[in-house]
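Structure, as structure tokens:
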There are 2 protein chains.
Amino acid sequence: MPVFTEYAAASRELRVLPSFAPPLPRRSPKPEPRSDDVERYEVVVVGAGPAGLMLNLLLARYGLSDESLLCVDAKPTTLKSGQADGLQPRTLETLKSLGLADEILTEGCQMWQVAFWNPSNDKEKIIERTSIIQDVSVPARFPHEVTIHQGRIERILETDLHRYSKRGVQRNTKLIDVKIDEAGDSEFPVIAEIETEGRRQTVRSKYLVGADGARSVVRRSMGLKLEGESLDHIWGVVDLIVDTDFPDIRRRCAIHSPAGSVMVIPRERIATGDYLTRLYVQVPGDINPDNDAETSNETNKPADARSRRSQVTEKTIFDNAAAAFKPYYIRPKKDGAVDWWAAYQIGQRVTDNFSIKDSKGVERVFIAGDACHTHSPKAGQGMNVSMMDSYNLAWKLAYSIHGLTPSAGTAGPDPILATYHKERHTIAQELIAFDRDFSSMFSGKIGASEDEVGGLTHEEFLQVFSRGNGFTSGCGIEYPENMAVNRDKSAKNPISGEDYLSGILRPGRRLLNVRLVRHADGYRRDLQDDFASTGRFRILCLTSTDILDPEGSPQRLLVVIHPRLDRDFMWNDIPNEVKQYSEMSFYSGHELDDVYKAYGVDIAKGALAVVRPDGYVGIVVALEDAERVERFLESLICTV
Amino acid sequence: MPVFTEYAAASRELRVLPSFAPPLPRRSPKPEPRSDDVERYEVVVVGAGPAGLMLNLLLARYGLSDESLLCVDAKPTTLKSGQADGLQPRTLETLKSLGLADEILTEGCQMWQVAFWNPSNDKEKIIERTSIIQDVSVPARFPHEVTIHQGRIERILETDLHRYSKRGVQRNTKLIDVKIDEAGDSEFPVIAEIETEGRRQTVRSKYLVGADGARSVVRRSMGLKLEGESLDHIWGVVDLIVDTDFPDIRRRCAIHSPAGSVMVIPRERIATGDYLTRLYVQVPGDINPDNDAETSNETNKPADARSRRSQVTEKTIFDNAAAAFKPYYIRPKKDGAVDWWAAYQIGQRVTDNFSIKDSKGVERVFIAGDACHTHSPKAGQGMNVSMMDSYNLAWKLAYSIHGLTPSAGTAGPDPILATYHKERHTIAQELIAFDRDFSSMFSGKIGASEDEVGGLTHEEFLQVFSRGNGFTSGCGIEYPENMAVNRDKSAKNPISGEDYLSGILRPGRRLLNVRLVRHADGYRRDLQDDFASTGRFRILCLTSTDILDPEGSPQRLLVVIHPRLDRDFMWNDIPNEVKQYSEMSFYSGHELDDVYKAYGVDIAKGALAVVRPDGYVGIVVALEDAERVERFLESLICTV
């Protein structure tokens, strides 16, 4: 197109850049620089694993600058040796809401199916495939898990962090001690002693978050303990390129063979074009009946276990894998095909408190991730629950620091900060309980027939697996009632149905993604894309069928969905406010998914829901109860 | 998961990095450095717009290093003032195959629908919406266009280029002249005179590609001309944030009002949260019957047009838009809401030759993009056809330079290079012809009723629009027969059906994406993801139903699809070679899409197809004619 006359505004040049998340508004004054030689930050994050990086990234996106936020990590470079490798569907939804899912979905291993292998009645076959089921059996935007090197997730988070923070993570810096010292400076009462390449330094902050792993210095400095037990099962884990004739090597597999148990986790393709496989292999002795203690899943003999685990080598892992896979062979594809191996003992432990208060009751120190909970890796939960701890904490901290909560700016506690422990401790306890059942069962023997005495039937195992899917997918977790989760039973409930796992709206649960057609342009869109993780509350309105009635009274809304109506309409047939406030987020909820059915909303009555910054439903009310939404929001956000 | 014993291989650290495309193997010797002071490159690319950047990026990914490849551009920085804004479905498929589609799909404006507005018989209404149709009516992986600032596409291409090239684009460097001088250096016969910030320099190369736009210096230096005519229609184009009560402002619209024509192109959301809109507005006089010449679409009066176009201002554009939108109002939302505006005259021109040979008949200089063809912007073709020129040329150049073609290394011409002109010139001519019809029609008057004399009916307009969809989507283009497109009618054809636009396999057309379930892991996958743009030929085998028959004889294949079979199977039920060569690219072709039906393949007979590095089908043969595949490939790739 040859052009003859041309004009361009200067602002047009900015259109070439990648989008940035808009920061939250700030109502509180920014801290003034002081003349003493103690560095002061509003938040110090200790640890840059998945939990610490996620927290740091979210706070930076929400608007905390390098002057406000410091993240330190003892390691010299980006972590390259992480052990986790699984991302749940809910974590994928969260990463998508941050614009960080593409590389993971494209380059990771999408794990769609699980195969169960059990002892065969045919002694020649030794083991046989009992069933193949979908790995994720609950509705989710991404109906599969993704397995990928933890270091890669961290690199993706850190690369994005550098778009918002010049400093990024301060490396080579280890935490020596943390204490609360209100007398010295009541605004910045948290004192962290840190050491960077031999140089000691004291840093003060308003808040400090320990995302420093299972051996957390923050946790120990605060006198918190991981409570729980180590079970008596020893496992080896190995990442490698395999050579095998086992037919399901690219499926997640639970293999219970007469020679022991193995879990197969297919992994991503690497630069050579080969695909990695992770194997979890039961270590011998564990199911060997010559030690009475080891036949019971409940018995703990840490001393015995410790002596056995120290004897685990690469060879013992492969020998045991080879035995469990029989009649199939399995071996490393070539020399150097083993990427990583380790031995571990199953244990489930959780800390009683995820936060520590100062003398005025203000939460000052938080812990997140492995610092609060440790468990077995087999349900693929660790990295996910850790990042979701941070996803839960970040917006609450940012709201409080930015002066966006009703009590922000007062000297007393900000109740929103207490909901972090309330919500995430509940999930951690459920995680521990689930993992205990799942691991015990997985380490147990499964009989060749259903009537085997003392063993587990395949059907029992399958049941636990499927029941656990709401939890393991991350899509079924439900936060308990608190100021940010309102399930007031005395109010009118516009929702029918209780199959919350399938999407029925429920305060405390994440908003299920649905596919919609946008009124303005016919765009076939995923609803969750209107709920980007930018720290904002949103109101979702499912209108009733009377939206075409000129007497209908819409609210000041953000996202609006309408049911199937009895005639076509244009903007001027519906209340002005819909176009004014929701032109680009007004959808038909019937052309692709049946949204009203999925959410349990009567099309004749409609419903209003508040969705929190982390994508969880805060409250659901009848359309005529809009003032309940107002009261709910007023308890969380200050009014201006 | 606390770990006790741990080992990690050094190679494991690489797993955190983003993936790189594997370079093509190189059989030819790399050029030796010379002691004279003339820089030598294997390829010089002139221009870093969409065509030049795409070519440069592809060549760098295929393996041409900075010593081998130079791209120069006269502009000092990344282009920020491009005028194109539309990406067709086929271009989106191509960008996806390069791993570059995510930001574009997420942040661009997905344009799903077109609304047609025409004069109303009801004089009160003035105009009315006649219909809304899907913008893309042919099967495509992304069934919509995307509109987004051209500068952003270029930034995405250039950012990726820097992963493969240290130098990237050499800026501030303009081309003065090009000539072919075989006497001086027959291996590097192309001489380019370039000037960087006042400093002149002579650069020699084996090949030079002019992607230097409509006013191409390369084209002029080579004595090539854009042939064609400028039509008499003057249009204004403006990008802005609008304030309007027009109901379809977020749909692509063709508005034919009594006061003139407007095309609405919805655009991406920008950082302020506003959405851009592009308007193409007919300039007055063009349809004003007080000038006889202007009532005919075929008449050319360049002098008249030139005087009128020089009078186009922002105000005339808005005045005419306002008149055409009546009874709706439209205006810039606020001061500064206008991003860019320009005036242009519709013209369709194309160059006779896309390449120039030396005295031995070797193609040495190529032109691509706007340098070869110019046309109106309204069908949204420019940037797409330009990038696809490069996509077509890049693998051919790389194969020839790397010594991968049968005649590479001989002194004579490499026939693969001649297919560039053959294929892309055909498409350019079709583009020009389509654009001439489309533009004329769009600039013409449409009657309020079907029987209007001299005008076009809405139905006629709609027909041209829909017929053109195969072309405008990029999904329906078909390359003519040549050495890389074999449609030998004397051979057995395993394909039934001729609805090639819907996916029936056809040499010269792109392979339609289908959704499949992978045998190895149950992954629900897009077939095109197995055809990444890494410069490789691939063989696609649609097996017959006898794949479970032990006598069946599979080939050495890459991607294998099977039809619905009469029983379940495991790897050991099918020929070993399938697992050996295609473990991770072996699919069921019936669980999601009915692939055999889509491709026109009989499940009892199967078919083999060769897919070229650019995703176009090269040949389709019956399973028993595998040696035709061999012969076809031997004519294109040297055997080792």
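A few remarks follow.
- Across the options B:T426, B:P507, B:F471, the greatest Cα extent toward the positive end of the charge dipole of segment B:385-526 (unit charges at beta carbon of Lys, Arg, Asp, Glu) belongs to B:P507.
- Rounded to the nearest 20 debye, the dipole size of segment B:311-359 about its Cα centre is 260 debye, using +1 on the Cβ of Lys and Arg and -1 on the Cβ of Asp and Glu.
- Using the rule -39500 (n - 2.57) for each DSSP H run of four or more residues, divided by the residues of the protein assembly as shown, the 222 nm mean residue ellipticity is -7500 deg cm²/dmol.
- Between copies, the label points of B:I176, set 7 Å from Cα on the Cα→Cβ line, lie 6.6 nm apart, reported in increasing order to one decimal in nanometres.
- Relative contact order, whole percent, for segment A:500-636 stands at 32, derived from Cα pairs under 8 Å and 6 or more residues apart.
- Computed from point charges on the beta carbon alone (+1 for Lys and Arg, -1 for Asp and Glu), the dipole magnitude for segment A:384-539 about its Cα centre is near 860 Debye.
- Protection proxy ranking of B:599-607, A:196-204 - average other beta-carbon atoms within 10 Å, highest first: B:599-607, A:196-204
- Comparing B:Q150, A:T410, A:L542 along the charge dipole axis of the protein assembly as shown, the residue lying farthest to the positive side is A:T410, per the Cβ-charge model.
- Neighbourhood charge, 9 Å Cβ-Cβ cut-off, centred on A:A211 and excluding it, Lys, Arg +1 and Asp, Glu -1: -3
- Listed residues A:L161, A:V46, A:N121: farthest to the positive end of the dipole of segment A:44-201 (Cβ charges): A:N121
- Segment B:305-369-segment A:11-90 distance, computed between alpha-carbon centres (Å): 44 Å
- Calculated P(r) tail over 35 Å for chain B, as whole % of Cα pairs: 46 percent
- Buried accessible area, chains B and A (both chains, 1.4 Å probe, Å² to nearest 100): 7200 Å²
- Per DSSP, loop chymotrypsin sites (Phe, Trp or Tyr not before Pro) in segment B:15-110 with at most 14 further Cβ within 10 Å: B:F20
- Those trypsin sites (Lys or Arg not before Pro) in segment A:1-60 that DSSP places in a loop and that have at most 15 other beta carbons within 10 Å: A:R27, A:R34
- Convex hull of alpha carbon positions in segment B:528-640: directionally averaged projected area 7.3 nm².
- Fraction of antiparallel bridges per DSSP, the protein assembly as shown only, in percent to nearest 5: 75 percent
- Of all DSSP beta bridges in segment B:500-636, antiparallel share, percent nearest 5: 70 percent
- Only Lys, Arg, Asp and Glu carry charge here, each on its Cβ (+1 for the first two, -1 for the last two); on that basis segment B:500-636 has a dipole of about 600 debye about its Cα centre.
- The antiparallel fraction among DSSP beta bridges confined to chain B stands at about 75%.
- Of all chain A residues, the one whose C-beta is nearest the axis that brings A onto B, in angstrom: A:D102, 2
- Take each residue of peptide B:65-72, count the partner chain Cβ atoms within 10 Å of its Cβ, and average: the result is 0.
- Formal net charge of residues neighbouring B:Q134 (Cβ-Cβ distance under 13 Å; K, R +1; D, E -1): -1
- Within the accessible area of segment A:500-636 (1.4 Å probe), percent carbon and sulfur: 44 percent
- Pseudo-label separations to other copies for B:E187 - Cα-to-Cβ vector, 7 Å, nm: 7.1
- Per residue of B:402-408, other chain Cβ atoms within 10 Å of the residue Cβ number 0 on average.
- Segment A:381-433 and segment B:491-518 have Cα centres separated by 54 Å.
- Between segment A:97-127 and segment A:208-242, the alpha-carbon center distance in angstrom: 26 Å
- Peptide A:109-115 is shielded by partner chain Cβ atoms: per residue, an average of 4 of them sit within 10 Å of its Cβ.
- Net charge of Cβ neighbours under 13 Å - reference B:C638; Lys, Arg +1; Asp, Glu -1: 0
- Solvent exposure of the protein assembly as shown, expressed per residue, is 38 Å² of accessible area, with all protein chains present and a 1.4 angstrom probe.
- Per-selection Kirkwood Rh - segment A:1-119 (Cα, Å, 1 d.p.): 19.2 Å
- Computed over chain A, relative contact order equals 14 percent, with contacts defined as Cα pairs under 8 Å that lie 6+ residues apart.
- Shortest-first distances to equivalent copies, position B:T426, nm, label 7 Å out along Cβ: 6.5
The values are calculated or read from the model by the stated rules, or taken from the named source; none is laboratory data. Keep in mind that what you see is a predicted model, and the values were worked out from it rather than measured. Backbone-built Cβ (ideal geometry, glycine too); neighbour counts: all protein chains shown. Areas reflect the complete protein model, heavy atoms only, side chains present, ligands, DNA and RNA absent. Shrake-Rupley method; radii C 1.70, N 1.55, O 1.52, S 1.80 Å.
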